[in-house]
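K.L.:
One structure follows; several queries about it will come next.
The values are calculated or read from the model by the stated rules, or taken from the named source; none is laboratory data. As the structure is a prediction and not an experimental result, all values here were calculated from the model. Here the Cβ positions follow ideal geometry from the backbone for every residue, glycine too, while neighbour counts run over all protein chains shown. With ligands, DNA and RNA removed, areas are computed over all heavy atoms of the protein, side chains included. Shrake-Rupley method; radii C 1.70, N 1.55, O 1.52, S 1.80 Å.
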Amino acid sequence: METQLVYGNWIRKKNLLILGLFTLGLGALAIIPLGSLYRLIMALLFLIILISFLFPLYSYVMFSQKGGRFQEKVYTLIIQSLGTTVKGRILDIGSGNGVLAVKLAQQNGEAEVIGTDYWGKDWEYSKIVCEKNAQIGNVEDRVHFQKGDAAALEFANDTFDGAISNLTFHEVQSVADKREVVREALRVVKPGGRFAFVDYFYATKYYGKASGFEEYLQGLKLSQFEYKPLRDMMAIPTLLRHPKIMGKVGIIFGRK
Ligand SMILES: C[S@@+](CC[C@H](N)C(=O)[O-])C[C@H]1O[C@@H](n2cnc3c(N)ncnc32)[C@H](O)[C@@H]1O
């Protein structure tokens, strides 16, 4: 029986394994004595693939609980940005393995947390692990999980006292303009309710230019909000600031 929360990792193990095997394979091909040009080309290819393997491997270690515990640090930031005194029902959109939902319930004894996720095959997360995590965290009476689509949440307008989400909105394939997924998340929050969302809010391919996204948020007539790069809110190691890892990640938080 597990006693520690099972985080999972934002870097998929399967992809890491495939890259690792590919790197080993190229390394083996590079030492076959088939002429110096062949070996030079293979050695260059090996170097390129080695770097593309080491970079996600480093990120994996930095994210994990046995390494840099970076995922936990981001969850802490989201919980603090939401405010630990929010009472009532809080929705976690795209809960993955449910660790953020569990930690929120642990730190806020007056919250009931509902975690929703698609739990698609692409990811190494599941509802079963979410439920086990709620038991490990001793909050199974106040944390519940249900399958759902972030693009069309199965809740009426103004249902929740708060909402949180981490690195999920950009994953919603059915909506090209990810700003609409943010709008959908806010739809289910009560007027005056609090929210804290982390995503690639500075990636133009998902949200357009930052200035345009800020105007979009202003157009939603929220009571109050802040929109900031993650690096302004917490320490991020230099390599993790790469645009493909955390460099374009931002946070929006405030009150509807
Ligand atoms: C990068 S993971 C983040 C998971 C979790 N928030 C965390 O911090 O570990 C993205 C999550 O989004 C979920 N997801 C992707 N598309 C979704 C959708 N349309 N509706 C709900 N969840 C979705 C995936 O199943 C996955 O759990």
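K.L.:
Could you quote the convex hull projected area for the stretch 75-194, Cα atoms only and averaged over all directions, in nm²? Working shown, then result.
P.N.:
On the way: hull surface 27.1 nm².
The directionally averaged projection comes out at 6.8 nm².
K.L.:
Once you have the alpha carbon radius of gyration of the chain, what is it after dividing by 2.2 N^0.38 Å, with N set to its residue count? Let's see the in-between values first.
P.N.:
Working: Rg = 20.4 Å, N = 256, 2.2 N^0.38 = 18.1 Å.
It is 1.13.
K.L.:
State, as an integer percentage, the relative contact order of the stretch 13-63 based on alpha-carbon contacts under 8 Å between residues 6 or more apart.
P.N.:
Details: 28 pairs, mean separation 21.0, N = 51.
Once divided by the residue count of the stretch 13-63, the mean separation gives 41 percent.
K.L.:
Over the chain, give the accessible area per residue in Å² for a 1.4 Å probe, as an integer. Spell out each step's value before the answer.
P.N.:
Numbers: 13150 Å² over 256 residues.
Ligands and nucleic acids excluded, the figure is 51 Å² per residue.
K.L.:
Which one of 113, 102, 182 has the biggest mean-square fluctuation once the chain is modelled by GNM with Cα springs under 10 Å?
P.N.:
Most flexible of the set in this elastic network: 182.
K.L.:
Here's another thing I want to ask about it. Tell me, what % of the accessible area of the chain is carbon and sulfur with a 1.4 angstrom probe? Present the calculation step by step, with values, prior to reporting the outcome.
P.N.:
On the way: 7590 of 13150 Å².
Ligands and nucleic acids excluded, carbon and sulfur reach 58 percent.
K.L.:
I've got another one for you. If we count every other residue with Cβ under 15 angstrom of residue 256's Cβ, Lys/Arg +1 and Asp/Glu -1, where does the sum land?
P.N.:
Values: positive: 89, 183, 187, 190, 194, 221, 255; negative: 158, 161, 184, 226.
Residues near residue 256 contribute +3 overall.
K.L.:
OK, next. Over the chain, what is the relative contact order in percent, taking alpha-carbon pairs closer than 8 angstrom and at least six residues apart?
P.N.:
Details: 436 pairs, mean separation 40.8, N = 256.
The normalised contact order for the chain reaches 16 percent.
K.L.:
Could you tell me which trypsin sites (Lys or Arg not before Pro) in the stretch 1-108 are loop residues by DSSP with no more than 10 other beta carbons within 10 angstrom of their beta carbon? Mind showing how you got there, number by number?
P.N.:
Values: sites: 12, 13, 14, 39, 66, 69, 73, 87, 89, 103; in loops: 12, 66, 69, 87.
Here the trypsin sites (Lys or Arg not before Pro) that fit, given the DSSP loop and packing criteria, are 66.
K.L.:
Another one. Distance in nm between label sites at residue 6 and residue 177, each 7 Å beyond Cα in the beta-carbon direction?
P.N.:
The answer from the label model is 4.0 nm.
K.L.:
List the trypsin sites (Lys or Arg not before Pro) within the stretch 145-213 that fall in a DSSP loop (any state other than H, G, I, E or B) and whose Cβ has at most 12 other Cβ atoms within 10 Å. Don't skip to the answer; put the middle values down first.
P.N.:
Values: sites: 147, 178, 179, 183, 187, 194, 205, 209; in loops: 178, 209.
Hits after loop and neighbour filter: 209.
K.L.:
Which of the lysines could be linked to residue 147 by a straight reach, that is with a Cα gap under 19 Å, when you skip same-chain ones fewer than 8 residues away?
P.N.:
121, 127, 132
K.L.:
In angstroms, what radius of gyration and Dmax does the stretch 13-63 have, counting Cα atoms only?
P.N.:
Every Cα atom of the stretch 13-63 included, Rg and Dmax give 12.4, 42 Å.
K.L.:
Right, another one. Using 0.36 nm per residue of separation minus the Cα-Cα distance, give me the extension gain between residue 65 and residue 241 in nm, one decimal. Write out the running numbers ahead of the final one.
P.N.:
Working: separation 176, 0.36 × 176 = 63.36 nm, distance 1.91 nm.
Here the answer is 61.4 nm.
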